[in-house]
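All remarks here apply to the structure that follows.
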Amino acid sequence: MKVRKIGIVSLSSCVLGEDFVAHEVKIGIERLKEYGIEVEFLPNSKKGIEFIKNNPEARAKDLIKAFEDDSIDMILTAIGGDDTYRLLPYLFENNELEKVVKQKIFLGFSDTTMNHFMLNKVGIKTFYGQAFLPDICELSNEMLPYSKHFFEELINTGKIKEIYPSDVWYNEREDFSEKSIGISMEEHQNRGFELLRGNARFEGQILGGCLETIFDIFDNTRYEDSVYLCKKYEIFPSLEEWKNKILLLETSEERPKPELFRKMILKLQEYGIFDVISGLIVGKPQNEEYYDEYKQILLDEIKNQDLSIVYNINIGHSTPRCIIPFGVNAKVDVERQIIEFEE
């Protein structure tokens, strides 16, 4: 299945539509057009920070419209952002989302983790790992080669066959202004997938995403009503539903301090998730900050000694990024440095 039309949505509070990203948006649109792809920005997606923040219902309407429109083959999130959990009442109160969903490509990461859980709840397979502004609109002369490889595979075939480690990783940009157009990011040699514990081979369907967003499901520190709404609409799978799945975790650009990382892992330990899943895969921390500290915390706090834990996947907030399909069986093989996906 070749993608002919992409619908771009802003499901979290985010910056799409602001003048300071106009040069990035222009680059992204031109790149997609080079692939022969028609681009549609859903009606509310470019209305700017204030409108998007204050109108979660409008964001939800865009997602519903993107699923209803049969001409849209792929729904691409603008960027991560925050507070997409606020869409829950507008998508689930009267089964609004369930009434319109059909299987089409949905791609996003970061705060979009919550949307992946929403779509998982209504039986839609999704793709985790890239978004419009951070990947398609990359300010280098082209998309980062590793990221580009997986994006092209997805738009040309509608699936991802396998992922493997990138040869390099990049220091994150600090300047996204027009002055940075055409300037490459600093490269570092990448280590491959690291087995921290357990069997080097395991399998199951992958689900998960950004650790901080998952933590909001259990903790009200960031939002006073996130726990209430996530519980009301039962957005996080039960332990029974997590059985034999592979949990994906990755950390955000906020680069959580080790104390917070420990607190978040302990919350999942308390939920009991590490006792029922078939394996845990963990993304490379951005700029490799706290790389060793996070590793040690995983080994210290996850009590299931038999659980396979694989670290340093090129997914999420560290560039470059692969794309991981949710809802299809995955076979992880650390010895061969590969994760294969079965349709």
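With only alpha-carbon atoms in the gyration tensor, what are the semi-axes of the equivalent ellipsoid for the range 231-343, in Å, largest first? Don't skip to the end; give the middle numbers.
Numbers: eigenvalues 83, 75, 43 Å².
Equivalent-ellipsoid dimensions as semi-axes: 20, 19, 15 Å.
Treating the Cα atoms of the chain as identical point scatterers in vacuum, please give the log10 of the normalised Debye intensity I(q)/I(0) at q = 0.10 Å⁻¹, two decimals.
One equal scatterer on each Cα of the chain leads to -0.55.
Post the alpha-carbon centroid distance, the range 14-93 to the range 285-309, in whole angstrom.
That distance is 34 Å.
Hey, what's the chain come to in accessible area per residue, 1.4 Å probe, Å²?
On a per-residue basis, 41 Å².
Could you list, in their original order, any pairs among K161/K232; K5/K263; K104/K295; K65/K148 whose Cα atoms are separated by more than 32 Å?
Details: K161/K232 36 Å; K5/K263 42 Å; K104/K295 36 Å; K65/K148 28 Å.
Table pairs above 32 Å Cα-Cα are K161/K232; K5/K263; K104/K295.
Counting only other residues whose beta carbon sits under 13 Å from that of A131, what net charge do I get with K and R as +1, D and E as -1?
Cβ neighbours under 13 Å give a net charge of -4.
Below 12 angstrom from the Cβ of Y291, what's the summed charge of the other residues (Lys, Arg +1; Asp, Glu -1)?
-1
Using Cα-only point scatterers and the Debye equation, what is log10 of I(q)/I(0) for the range 135-274 at each q in 0.13, 0.15 Å⁻¹, rounded to two decimals?
Values, matching the q order: -0.85, -1.08.
Subtracting the Cα-Cα distance from 0.36 nm times the residue separation, let me have the gained length for D69 to K102 in nm, one decimal.
Extra length from D69 to K102 when fully extended: 10.9 nm.
Based on the mean of other Cβ atoms within 10 Å per residue, sort peptides 230-240, 178-188 so the most packed one is first.
230-240, 178-188
Below 8 Å, C-alpha to C-alpha, sequence gap of six or more: please give me the relative contact order for the range 17-130 in percent.
Working: 116 pairs, mean separation 24.1, N = 114.
After rounding, I find 21 percent.
Tell me the carbon and sulfur percent of the accessible area for the range 1-125, rounded to whole percent, probe radius 1.4 Å. Display every interim value, and only then the final one.
Working: 2370 of 4990 Å².
Carbon plus sulfur share of accessible area: 48 percent.
Per residue Cα convex hull volume for the range 242-283, in cubic angstrom?
That works out to 64 Å³ per residue.
Rounded to the nearest 5, what is the percent of antiparallel bridges among the DSSP beta bridges in the chain?
Antiparallel: roughly 45 percent of the beta bridges in the chain.
About its Cα centre, what dipole magnitude does the range 226-343 give when the only charges are +1 on Lys and Arg Cβ and -1 on Asp and Glu Cβ, stated in debye to the nearest 20?
280 debye
Give the aspartates and glutamates reachable from K231 as a straight Cα distance under 12 Å; neighbours fewer than 8 places away on the same chain don't count.
By straight Cα distance, K231 reaches D216, D219.
If packing is taken as the average count of other Cβ atoms within 10 Å, what order do 28-37, 199-208 fall into, highest mean first? Working shown, then result.
Values: 28-37: 15.5, 199-208: 19.1.
The most tightly packed comes first, giving 199-208, 28-37.
Please state the relative contact order of the chain as a whole percent: Cα pairs under 8 Å, 6+ residues apart? Could the numbers behind the result be given before it?
Details: 736 pairs, mean separation 66.8, N = 343.
Reported relative contact order: 19 percent.
First select every other residue whose beta carbon is under 11 angstrom from the beta carbon of E254; then total the charges, Lys and Arg +1, Asp and Glu -1.
Result for the neighbourhood of E254: -1.
Based on Cβ point charges of +1 for Lys and Arg and -1 for Asp and Glu, what charge dipole magnitude is obtained for the chain about its Cα centre, in debye rounded to the nearest 20?
It comes to approximately 740 debye.
Output the Kirkwood hydrodynamic radius of the range 43-118, Cα pairs only, in Å rounded to one decimal.
For the range 43-118, inverting the mean 1/r across all distinct Cα pairs yields 12.7 Å.
Taking every Cα atom in the range 1-87, find the radius of gyration and the maximum pairwise distance Dmax, and write them in Å.
12.7, 37
Could you order peptides 331-338, 110-117 by the average number of other Cβ atoms within 10 Å of their residues, highest first? Don't skip to the answer; put the middle values down first.
Values: 331-338: 16.0, 110-117: 27.2.
Final packing ranking: 110-117, 331-338.
Can you tell me how much longer the chain between D300 and E50 gets when fully stretched, taken as 0.36 nm per residue apart minus their C-alpha distance, in nm with one decimal?
The span from D300 to E50 would gain 85.8 nm if fully extended.
Could you tell me how far the Cα centroid of the range 198-229 sits from the Cα centroid of the range 104-131, in Å?
Distance between centres, Cα-based: 13 Å.
Each label point is 7 Å from the Cα along the Cα-to-Cβ direction; what then is the distance between the points at E186 and R173, in nm?
Between E186 and R173, the label points sit 1.7 nm apart.
Radius of gyration and Dmax for the range 112-195's Cα atoms, expressed in Å?
Every Cα atom of the range 112-195 included, Rg and Dmax give 15.2, 44 Å.
Separation between the E152 and F20 pseudo-spin-labels, each 7 Å from Cα along Cα→Cβ, expressed in nm?
3.4 nm
Test of understanding: what is the full-extension gain from D292 to N199, defined as 0.36 nm times their sequence separation minus their Cα-Cα distance?
31.4 nm
Which whole-number percentage describes the relative contact order of the range 146-298, with Cα contacts under 8 Å and a sequence gap of 6 or more?
About 22 percent, as a whole number.
So how strong a dipole does the range 140-257 carry about its Cα centre when Lys and Arg Cβ are +1 and Asp and Glu Cβ are -1, to the nearest 20 debye?
500 debye
With a ≥ b ≥ c taken as the square roots of the eigenvalues of the C-alpha gyration tensor of the range 26-75, please select rounded if a/c is under 1.5 and otherwise prolate if a/b is larger than b/c or oblate if it is not?
Here the range 26-75 falls in the oblate category.
The values are calculated or read from the model by the stated rules, or taken from the named source; none is laboratory data. These numbers were taken from a predicted model, which means no experiment stands behind them. A quick note on method: Cβ atoms are made from the backbone with ideal geometry, for glycine too, and the neighbour counts reach across all protein chains shown. Calculation scope for accessible area: heavy atoms of the full protein, side chains included, ligands and nucleic acids excluded. Shrake-Rupley method; radii C 1.70, N 1.55, O 1.52, S 1.80 Å.
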